[in-house]
Amino acid sequence: MSAREKILARIRKAQGRGGNRPSKAELEAVETYLRAHPRGTLPPVEADLVARFRARAEAMQSTTEEVAAEGDVPAAVARYLKAGGLPLAGCAWPQLAHLDWRSAGLALEPRAASGDDAVGVTGAFAAIAETGTLMLASGPDTPSTVSLLPETHVAVVSAGRIVAHMEDAWALARAEFGQLPRAINFVSGPSRTADIDQTIVLGAHGPYRVHIVLVRA
């Protein structure tokens with residue numbers, strides 16, 4: 001049992017709940033609660049979710065590009081890095097290891113990020129059109145550090161994973177994961193702060209730049 005599981009088991013014991021994981025009855029109770037509490041009013045989002053997502057992401061200082069198929073992603077990432085004079089080496093989610101990075105002139109290792117990586121390439125569990133936000137779920141093949149430590153974060157997003165609202169993204173996560181992963185991270189453009197003189201500074205506690213490659217197919 002991991003340290004996390006031990007901590008959660010102690011919490012469950014203190015709450016008078018048995019076992020290390022929620023029982024079937026507890027999970028059913030959660031589903032019943034969710035069904036009995038419908039969503040509140042949501043703002044309308046126009047039908048073209050890809051266009052809305054791109055517009056909102058760019059308003060948050062991300063840059064975007066569309067490609068026709070997943071096989072076009074390595075060349076698109078290489079174009080972006082070369083145009084910005086950025087390093088062509090770094091790390092990528094192991095989930096993306098099947099892409100031919102080397103043929104595009106990139107040296108992206110399928111692993112978690114270290115403090116020395118200048119570029120990190122991830123996928124995305126979902127993307128939210130209303131706000132231009134990426135939703136990333138942690139896991140063995142999707143380590144969180146790849147989007148958090150490098151100065152440049154490139155995200156590969158399938159158009160089919162773009163939803164209208166955050167509520168839709170959470171519904172998708174509950175349906176596909178069953179039990180939520182250890183961490184869910186939301187990314188809305190480069191990291192920023194206005195703590196000093198109320199002046200926006202990018203890259204304060206994370207990537208200086210976020211580039212999103214949208215895959216239509």
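Coordinate-derived values only; no laboratory data. Quick caveat, the model's predicted, so the values are computed rather than measured. Cβ coordinates were reconstructed from backbone atoms using ideal geometry, including for glycine residues, and neighbour counts include every protein chain displayed.
Structure above, values below:
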read-out: Residues with amide H under 5 Å from that of T133, placed H, sequence gap 5 or more; value: I128
read-out: Phi-based couplings in Hz for region 96-109 (Karplus 6.51, -1.76, 1.60; Gly and Pro marked x); value: 9, 5, 6, 6, 8, 5, 4, 5, 8, x, 10, 10, 10, 8
read-out: Charge sum, other residues only, whose C-beta stays under 13 Å from D72's C-beta, Lys/Arg counted +1 and Asp/Glu -1; value: -2
read-out: Neighbour-count order for T41, T63, fewest beta carbons within 10 angstrom listed first; value: T41, T63
read-out: Order of I200, I128 - criterion: other Cβ atoms within 10 Å of each residue's Cβ, fewest first; value: I200, I128
read-out: Crossing angle, helix 3-14 versus the chain [Cα axis fit, 0-90 degrees, rounded to tens]; value: 30
read-out: Cβ charges +1 (Lys, Arg) and -1 (Asp, Glu), total dipole of region 45-215, debye; value: 140
read-out: Stokes-Einstein diffusion coefficient of region 151-217, Kirkwood radius over Cα pairs, 25 °C, 0.890 mPa s, in µm²/s; value: 172
read-out: Amide proton proximity set for E66, modelled H, under 5 Å, gap of 5+; value: L214
read-out: Centre separation in Å (Cα based) which lies between region 189-217 and region 160-179; value: 24
read-out: Helix-derived mean residue ellipticity, 222 nm - over the chain, DSSP H n ≥ 4, -39500 (n - 2.57), to 500; value: -8500 deg cm²/dmol
read-out: Cα gyration tensor shape for region 1-156, rounded if a/c is under 1.5, else prolate or oblate; value: oblate
read-out: Cα shape, region 94-203, gyration tensor, a/c 1.5 rule; value: oblate
read-out: For H153, H211, H98, order by how many other beta-carbon atoms lie within 10 Å, fewest first; value: H98, H211, H153
